[in-house]
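Worksheet: the structure to be examined is printed underneath.
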Amino acid sequence: MANVAMLDTPNGRKIRALEAVSEGHTFFCVSKGCAAKLYLCKEGTNSPYFSSFRKSDHAYDFCIDQKLSFHPDKIDERCFDLDKTIRRICYKVDNDIYNRAGKSSGGTVGTDRKIGINSAKGIYAMCEYVGCGNSYNGVPVDSIYLCGENKHLYNNALNGFCVVKAEYSRKVTKQPIIEFSFKVSSNKALKLAAIFQKEDDAWSFYNRIKKRENFKDLQYVIVSEWERDNSRIYDYKCQINKQSQIFFIYT
Ligand SMILES: [Zn+2]
């Protein structure tokens, strides 16, 4: 299932399942270079989604990565605590703390207790599902998500936690850094540094992506806490403590 699709042609405009109507329309996968047809499921009306006619029609495996789909029926918006989510996604913390806290605070046994967002892919999927200009449990999506759609709101200040949709630039020689770029206008791009804990970690990510012939054309999602780079080599930098903080998606 997918939360967004292309309307009427594979290169059409992107539409969210929440806003879409089936009548008179066809829907396509949002991945660039993929023309798989989708249909709109409106059952249970609160959380419509797009589904593939045939999974094998998709050009890429990540088109059908379930972790990139947001499931509002399973995830409880009221459980979304941004600070806790940031710690869980960006730092190696003891997950038991959260599990214990979750169990003790629930109280009622046997209810279908929902869970909150607990992964980098999950928070990205939520931002795409809820959409720019909207909020999730009081947190404006535009305050934690930077993509082509809302870059006009961006005031040269990538400070603090942000889910950033960027383009691959290069692996920096002999450093644990992979450089990405974010296009702010047709002639200006920000240089972003994703700093891994060790150079081996950066290589491991690089080796994983370079297996894809089109890896330079993909879009990358980097989920971390950002700060200005005082050395001025990059515009902004962030620390990657877990490989799950970076992944690629459709373009
Ligand atoms: Zn696809």
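FYI, it's all coordinate maths here, none of it is from the lab. Because the structure is predicted, anything quoted here is derived from the model rather than measured. Note: ideal-geometry Cβ built from the backbone for every residue, glycine included; neighbour counts use all protein chains shown.
For segment 40-81, the calculated P(r) over all alpha carbon pairs, in 10 Å bins from 0 to the bin holding the longest distance, is 23, 44, 27, 5 percent. Taking a sphere under 13 Å around the Cβ of Y49 and counting the other residues whose Cβ falls inside, with K and R at +1 and D and E at -1, yields a net charge of -1. Model label points for S186 and E19, set 7 angstrom from Cα along the Cα-to-Cβ axis, are 2.4 nm apart. Cα extents for the chain along the principal axes, largest to smallest and rounded to whole angstrom: 53, 49, 35.
Net charge around K242, counting only other residues with Cβ within less than 11 Å of its Cβ (Lys, Arg = +1; Asp, Glu = -1)?
Numbers: positive: R88, K92; negative: D201.
Counting the neighbours of K242, the net charge comes to +1.
Here's the list of lysines a cross-link from K42 could span, going by alpha-carbon distance under 23 Å and ignoring same-chain residues fewer than 8 apart: K14, K55, K67, K74, K114. Qualifying GluC sites (Glu not before Pro) in segment 1-96, where qualification requires a DSSP coil assignment and no more than 16 other C-beta atoms within 10 Å, comprise E19, E23, E43. Using a cut-off of 13 Å between beta-carbons, work out the net charge of the residues near N134 (Lys and Arg +1, Asp and Glu -1, N134 not included). Cβ neighbours under 13 Å give a net charge of -4.
When the helix-only estimate is applied to the chain (DSSP H runs of n ≥ 4, each -39,500 (n - 2.57), divided by the residue count), what is the mean residue ellipticity at 222 nm, nearest 500 deg cm²/dmol?
Numbers: 4 runs with 44 residues, N = 251.
Only helices count here, giving -5500 deg cm²/dmol.
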